[in-house]
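Written out below as structure tokens is the structure these notes cover.
The values are calculated or read from the model by the stated rules, or taken from the named source; none is laboratory data. Remember, predicted model here, so these are calculated numbers, not experimental data. Virtual Cβ from ideal backbone geometry, glycine too; neighbours counted across all protein chains shown. Heads up: the accessible areas ignore ligands, DNA and RNA and are worked out on the full protein's heavy atoms, side chains in. Shrake-Rupley method; radii C 1.70, N 1.55, O 1.52, S 1.80 Å.
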Amino acid sequence: MKAIYLTKYGKAAEAFEIRETAMPSAQADQVVIKVHSIGLNFADVVARRGLYPDAPKNPAILGYDVAGWVHAVGSNVTHVKEGDRVTALTRFGGYSEYVATLSYGVSKIDDTIAFEEATALSTQACTAYYSLCECVNLHPDDLVLIHAAAGGVGSIMTQIAKHKGCKVIGTASSRKLDYLKQNGVDQVIDYTVLDFQSAIEDRHGKKSVDYIFDSIGGKTFKKGMKLLKPSGKMITYGAAAQMQGNKSGTLRSIPVVLGFGIFSPLQMLMQSQAIIGVNMLRVGDHKPKVFNHVLNEVIKMTTAGIIKPRVSKTFTVDEFAEAHQYLEDRKSMGKVVVNW
Ligand SMILES: NC(=O)c1ccc[n+]([C@@H]2O[C@H](COP(=O)([O-])OP(=O)(O)OC[C@H]3O[C@@H](n4cnc5c(N)ncnc54)[C@H](OP(=O)(O)O)[C@@H]3O)[C@@H](O)[C@H]2O)c1
């Protein structure tokens, strides 16, 4: 079978090679999937640049999510069978024609969900659902700020928050504003031209936001903390800003860590606030049943039309580098997909 190997950290055009490799077999708790569609995530770009601590060492097969058909199941697997259409978290290895993955991250999808859409479910929609529905309890009319609201995770966060009756403020760069409105965002902020903190304070007052979902980090995180209402919660799940122009530091480097600022638990206690970190790989590693529950809830919400994954663009495997570049250049709105 063929797989796409990351052989060289750096530019998309020079990073990957398609190579022949051995077919995987299913261990007891695993499912082998024949891959139709590979989903890209922002973390793939970070890993390609050699800045993602969890990624395997080169030559590596990256890839967090795929959609396709079950090819084989291990002896302990009962919830899917050969031939089922599935979406799956692949925890690396997804850039392949066939991939073996742990069964907790595999779920059946019905015929109404296209494979391309399904690639948005296992990582991006699960991150959105876990952050909005497991970490906090949203109430109607809560004021919710979602950064990068046109992105794969951000667009689905918006759909879930609107379904819960929240008022959503969404930030994005200029060319994505119309999509934000179509997707239900109530206050659209172009953070390339407007200071989002001032724009929110002008409309809603100081310390007015109930929940913030931040994948940007750094100054954006610090400003967000100033907007948070007493009793508000900050959910931090990414550090996109720190990755920009950062050629040597990984997510654990000191400038990245300090870029978020320093906050005392006592301050949190006095204001009844919380900062909640989300890393879905850790959820999968340490709470696989919770991950599986989240994935099943995501599938139900998608079948019910509450989550509507948006496919930004579909590439072929021969265009793999272009797909990475498109995501890195911030051109995408929703999911970037590569089909075999
Ligand atoms: N913790 C977890 O478990 C977890 C899981 C999945 C994703 N994530 C994180 O969630 C974020 C979104 O992931 P995604 O896969 O859905 O990607 P995405 O949002 O579809 O793409 C990234 C978007 O982030 C925005 N952005 C803002 N500042 C940026 C910067 N300095 N450099 C690059 N992009 C910037 C861009 O949108 P604009 O053009 O609107 O600025 C860009 O299109 C990423 O930070 C990712 O690492 C975390």
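Counting only heavy atoms of protein chains, what accessible area per residue, in Å², does the chain have with a probe of 1.4 Å? Could the numbers behind the result be given before it?
Values: 14600 Å² over 340 residues.
The answer is 43 Å² per residue.
Using alpha-carbon pairs under 8 Å, 6+ residues apart, how would you state the relative contact order of the chain in percent? Numbers along the way, then the final one.
Details: 757 pairs, mean separation 61.6, N = 340.
Relative contact order here is 18 percent.
Over 29 Å between Cα atoms: which of LYS226/LYS300; LYS176/LYS222; LYS108/LYS162 fall into that group? Display every interim value, and only then the final one.
Numbers: LYS226/LYS300 36 Å; LYS176/LYS222 24 Å; LYS108/LYS162 26 Å.
Beyond 29 Å between Cα atoms: LYS226/LYS300.
Rounded, prolate or oblate: which one fits the stretch 136-277, using the alpha carbon gyration tensor with axes a ≥ b ≥ c (rounded when a/c is under 1.5, else prolate when a/b beats b/c, else oblate)? Mind showing how you got there, number by number?
Working: a/c = 1.68, a/b = 1.14, b/c = 1.48.
Oblate, since a/c reaches 1.5 and b/c is not below a/b.
When the helices in the chain are scored as -39500 (n - 2.57) per DSSP H run of 4 or longer and the sum is shared across all residues, what 222 nm value do you end up with, to the nearest 500 deg cm²/dmol?
Numbers: 14 runs with 105 residues, N = 340.
Helix contribution divided over all residues of the chain: -8000 deg cm²/dmol.
Report the net charge of residues surrounding ALA15, where surrounding means a beta-carbon distance below 9 angstrom and charges are Lys +1, Arg +1, Asp -1, Glu -1. Don't jump to the answer; show the numbers that get you there.
Values: positive: LYS8, LYS11, ARG48, ARG49; negative: GLU14, GLU17.
Value of the local net charge: +2.
Could the peptides 272-284, 101-113 be put in order, highest first, of the mean number of other beta-carbon atoms found within 10 Å of their residues? It would help to have the intermediate numbers written out before the result.
Details: 272-284: 16.2, 101-113: 18.5.
Per-residue mean Cβ counts within 10 Å order the peptides as 101-113, 272-284.
Using a Cα-Cα cut-off of under 14 Å, which aspartates and glutamates could be cross-linked to LYS57, ignoring same-chain neighbours fewer than 8 residues away?
Straight-line reach from LYS57, under 14 Å: ASP44.
Accessible area of the chain with a 1.4 Å probe: how many percent of it is carbon plus sulfur? Present the calculation step by step, with values, prior to reporting the outcome.
Details: 7630 of 14600 Å².
Ligands and nucleic acids excluded, carbon and sulfur reach 52 percent.
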